[in-house]
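The values are calculated or read from the model by the stated rules, or taken from the named source; none is laboratory data. Keep in mind that what you see is a predicted model, and the values were worked out from it rather than measured. Cβ coordinates were reconstructed from backbone atoms using ideal geometry, including for glycine residues, and neighbour counts include every protein chain displayed.
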Amino acid sequence: MTMQVKHSACLLPFCNAQPSPNSQAEALLKWKQSIANQSIKIENSLSQNQKATSEQTKPLLHSNDQASKTFSLFATFLLVSLLVLLPFCNAQPSPNSQAEALLKWKQSIANQSILTSWAIKTNLSSSSHCKWLGIACNNARDVIGLNLAYTGLKGTLECLDFSSFPQLLPLDLKVNQLTGTIPITIGLLTNLQFLDLSTNSFTGIFPLSVANLSLVVELDVSRNMISGELDSGLFPNGTEGAKTGLFSLQRLLIQDTNMSGYIPLELGNCKNLTLIALDGSHFFGTIPSSLGNLSELTVLHMTENQLSREIPWNIGTLTKLTDLRPFKNRLFGSVPQGIGNSSALTTLHIAENNFTGHLPQQVCRYGKLVNFTASYNKFSGPIPMSLRNCTTLFRVRLEYNQLTGILDQDFGVYPSLNYIDLSYNRL
């Protein structure tokens, strides 16, 4: 009996050019599993034949026995091969391979003269790549930092093998001329703490694989042409003790992009957030009430979007908030009176919405307000009394509302005041 193996597709990983030891080991394991299934069929066949007593079955039994021995020898060979490859399965990329990966990416850059220092001058055993422009290494010569901001690079990230840099901490490529998509493989940088791709020309969907960067503290992809939604899967799911998504995030900046959709509730599960800047995109829907749970939040910018409905009341409970800017949206209703509860509030920009009711009366309760803009709304009633003694004011714009009062009584002396506009009211 001839044993036929019909699992040639399991060997396809070996057809790729220059496969890694990891991929070879995985392919062997997968094929081993399929071969094991074949051995079960052979053993079943032998079991059935052993029940027969006819002499006619003996040649068949002998044939199956030979096939079983052949398989055993081949299985032994496979296991020995696996034992040889297993030490490589968890091996970290060597400094040499990291240098090679950087040089490969350099070849895809249009203006390579910027990376003149990226060259092997002696041999790959040297630490020369640690002295290249923008490269930082640890004592073992592993690349732990890549900073090429403001260098004028022209190219893409498609040829940058992120898997070669598992220990990378900062990746800073801001203010260049990089194009193409942000590769899904960027999610392999699981130790990354700082990612800044801002002010380039990246396009395509913002990859969900970024959720794997659970140690990232700052993420900035502003001023690109990336699109798609801010997927809820990027952020922690709220399960107690779960460390999924961008749970270490402190600063999130997605300004002036083509991204759209709802701002996910899960963003409020990033408990370490101190800054959220989502200006100048196409986000719509409501401001998530979950943001009111971010007790460390100091800056919340959401200007020039299509956000609607009211500002959640619990935004007024954020006592560390210094800068709140939801202006130029489609927000309506009243502004939470608790906005003035923040002892650190210096900037409040709520202009160009459809707000009604009274301005927050305690907006300058702690006497630190510097910039206050609420123009082009439908506010009515008196000027907030707290503004009278707000000597820190530098800029005030309340024009185009329905405010009432007496200027001499409602306003005091402002030694730092640079600009004030109260026109088109009922003052």
### Query
Does T203 count as surrounded by fewer than 16 Cβ atoms within 10 Å (Cβ to Cβ), in contact with a Ser or Thr (Cβ under 8 Å, 6 or more places away or on another chain) and modelled with pLDDT of 95 or more?
yes
#### Entry: Search result, residues across the range 142-175 that are farther than 20 Å from N191 by Cβ and β-branched (V, I, T)
T151, T156, V175
### the range 381-404, subset within 14 Å of I350 (Cβ to Cβ) and either among the small types (G, A, S) or part of a loop (DSSP other than H, G, I, E, B) (or both), residue modelled with the lowest pLDDT
P384
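For (1) closer than 20 Å to L348 by Cβ; (2) buried (at least 18 other Cβ atoms within 10 Å of the Cβ); (3) not charged (D, E, K, R), each residue gets a yes or a no:
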residue	(1), (2), (3)
I226	no, yes, yes
F235	no, yes, yes
A242	no, no, yes
T257	no, yes, yes
K271	no, no, no
L278	yes, yes, yes
H282	no, no, yes
E304	yes, yes, no
G316	yes, yes, yes
### Task
Within the range 411-427, track down each residue that is loosely packed, with under 15 Cβ neighbours inside 10 Å and in a strand (DSSP E or B).
Y419, D421, R426
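State all residues of the range 336-365 that are in a helix (DSSP H, G or I) and of a type in the set (A, V, I, L, M, F, W, C); if no residue qualifies, say none.
Start the filter on the range 336-365 by keeping residues that are in a helix (DSSP H, G or I), which leaves 337-341.
The answer is I339, and nothing else.
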### Summary
Going through the range 275-302 in order, the residues found to be touching a residue at least 40 places away in the same chain (Cβ under 8 Å) and polar (S, T, N, Q) are T298
### Query
If you go through the range 144-155 one residue at a time, do you hit one that is in a loop (DSSP other than H, G, I, E, B), in the same structural domain as D196 (by TED's automatic domain parsing), free of Cβ contacts under 8 Å to residues at least 24 places away in the same chain and hydroxyl-bearing (S, T, Y)?
no
### Query
Within the range 208-244, how many residues are part of a loop (DSSP other than H, G, I, E, B) and among the hydroxyl-bearing types (S, T, Y)?
4
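Tell me, which residue of the range 285-302 that is among the β-branched types (V, I, T) and over 12 Å from D323 (Cα atoms) is surrounded by the fewest Cβ atoms within 10 Å (Cβ to Cβ)? Steps first, answer last, please.
Within the range 285-302, the subset among the β-branched types (V, I, T) is 286-287, 298-299.
In the following step, the residues that additionally are over 12 Å from D323 (Cα atoms) were identified as 286-287.
Details: T286: 15, I287: 23.
For the range 285-302, the residue satisfying everything is T286.
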### Message
Any residue at all in the range 355-375 that's surrounded by fewer than 18 Cβ atoms within 10 Å (Cβ to Cβ) and in contact with a His (Cβ under 6 Å, 6 or more places away or on another chain)?
### Response
no
## Note on the structure
Within the range 133-150, the count of residues that are in contact with a helix residue (DSSP H, G or I) (Cβ under 9 Å, 6 or more places away or on another chain) and buried (at least 17 other Cβ atoms within 10 Å of the Cβ) comes to 8
